[in-house]
Amino acid sequence: MSNYQSYEPLTESAAVTLALRLGLFEEKSVLSCTEIGDGNLNLVFRITDQSNNGLIIKQALPYAKVIGESWPLTLDRARIESSAMLKQAETAGEYVPKIYYSDETLAITAMEDLSHLQIARAGLIEGKDFPLLGRHIGEFLGKTLFYSSDFALNPQTKKQLVKQFSNPELCKITEDFVFTDPFFDVESNSFEDELRPAAEAIWNDTKLKLEVAKLKHKFLTEAETLVHGDLHTGSIFADDETTKVIDPEFAYYGPTGFDYGHFTANLLMNAISREEAKQQVLLDHIETAWTVFAGEFSKAWEKDGLEVYTGIDGYLSFILEKTFEDAVGFAGVEIIRRTIGLAHVADLDLIEPHDRKIEAKIRALELGKKLVKHRSSIKTPAQIADYFKQVPVR
Ligand code: SR1
Ligand code: MG
């Protein structure tokens with residue numbers, strides 16, 4: 001139930017008034033507030049008191065900030081986001097921010113301030129390694145993905161959750177801008193002129209498009225577990241000891257391999273941007289995240305598997321193999337869409353000089369295509385690394 005009757009976008013001063021009214025700070029606190037949102041869709045206010053104790057109020061806008069007011073977008077994503085974080089916190093609380101308050105009408109969530117950490121993408125671009133990133137993301141995924149699946153829940157509870165996390169508008173963004181537009185010559189795509197031949201080769205590659213169609217179909221139909229839905233490195237805060245996953249506004253019941261695929265893709269794109277000597281650490285994160293994910297998922301399967309067939313030999317390895325194959329395909333699609341689609345990644349866009357950036361992007365497209373097409377024969381993270389190393393710079 002909301003305490004408010006109507007929605008209004010907050011200003012910095014309105015966010016301060018709200019934080020005081022909600023009792024999120026002591027009454028006499030002297031607060032300051034800055035809007036720090038740099039994502040595509042929301043306002044993010046950081047509010048601090050005189051001792052620099054802070055919190056975040058995130059508010060969904062009724063349109064996509066990246067496009068403008070001409071593209072209306074549901075405020076319900078704020079409910080999805082706060083509910084997903086609460087759900088993730090049930091099994092992997094150390095990897096998500098604490099939630100202090102949420103309101104569906106205002107489309108806000110007040111949560112822990114993580115400004116002492118850095119957005120992983122920004123740190124990776126600076127050349128940081130975040131030594132525990134792979135391990136933490138593997139544990140986060142192993143726990144959250146197992147415990148919201150049919151393997152851990154009774155079928156009625158799981159179907160209630162599928163309903164609760166029905167997220168059609170945000171899924172449509174993924175359906176359009178991840179799985180569709182980059183594979184056709186449409187206006188939303190955005191890329192440098194030098195990439196036109198490579199983009200046209202993708203649009204004309206019917207074998208590739210058949211495989212992308214299969215992956216999109218999985219995204220549309222396989223309600224396996226509650227996925228984060230947008231697990232790129234901009235959705236992760238980190239330092240050398242800590243990792244926190246944020247921004248699950250794209251959460252919905254989807255294929256188990258979706259999140260690991262996106263995480264992997266974003267590490268591979270950062271690796272492409274780095275000099276060779278600094279790439280291995282990212283390939284190691286990809287390997288560690290999978291090993292830890294599979295270990296956590298298997299441990300939970302043995303301990304808390306509710307579905308009767310979890311006792312049958314071979315079923316767990318079948319599920320893990322299917323998850324990995326899907327993930328490799330999703331990784332390939334994510335790399336392609338971040339290179340020629342609407343929403344890019346700074347890892348590639350900031351490469352200098354221009355010629356090196358174009359080479360890196362051509363390499364990214366080649367790698368993306370290979371991951372999509374060869375996913376059924378790529379069985380391990382080491383094989384992903386092999387493909388990464390083999391993709392030629394032309
Ligand atoms: C229109 S929104 C573009 C992208 O930003 C989000 O972070 C998602 O990745 C989405 O695809
Ligand atoms: Mg986001």
task: With the checklist (1) under 30 Å from GLN279 (Cβ atoms); (2) assigned by TED's automatic domain parsing to the domain that holds PRO381; (3) not aromatic (Phe, Trp, Tyr) in hand, flag the one item ASP150 doesn't pass.
output: (1)
- line: Residues in the range 221-260 that are within 13 Å of ligand 1 (Cβ to nearest atom) and either part of a helix (DSSP H, G or I) or at pLDDT below 95 (or both) total 8
message: Against the condition modelled with pLDDT of 95 or more, touching an Asp or Glu at 6+ places or on another chain (Cβ under 6 Å), closer than 26 Å to LEU73 by Cβ and not small (Gly, Ala, Ser), how does VAL212 come out, does it pass?
response: no
statement: Among LEU316, LEU342, the single one that is within 16 Å of ligand 2 (Cβ to nearest atom) and touching a Phe, Trp or Tyr at 6+ places or on another chain (Cβ under 9 Å) is LEU342
message: Looking at the structure I just gave you, is GLU81 acidic (Asp, Glu) and within 16 Å of ligand 2 (Cβ to nearest atom)?
response: yes
task: Kindly provide the set of residues from the range 92-114 that are among the polar types (S, T, N, Q) and crowded, with 20+ Cβ neighbours inside 10 Å, ordered by number.
output: SER102, THR109
field: Any hit, the range 253-267, residues being closer than 19 Å to LEU133 by Cβ, more than 16 Å from ligand 2 (Cβ to nearest atom), more than 18 Å from the chain's Cα centre (by Cα) and not basic (Lys, Arg)
entry: no
message: Checking the condition surrounded by fewer than 17 Cβ atoms within 10 Å (Cβ to Cβ), closer than 24 Å to HIS116 by Cα and in contact with a strand residue (DSSP E or B) (Cβ under 7 Å, 6 or more places away or on another chain), which residue from GLU26, GLU81, GLU35, GLU69 passes?
response: GLU35
- line: Filtering the range 220-242 for residues that are away from ligand 2 (no atom under 16 Å from the Cβ) and under 14 Å from the mean Cα position of the chain (by Cα) leaves a count of 1
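The values are calculated or read from the model by the stated rules, or taken from the named source; none is laboratory data. What you are looking at is a predicted structure, and each value in this text was computed from that prediction instead of being measured. Cβ: placed from backbone, ideal geometry, glycine included. Neighbour counts: every protein chain shown.
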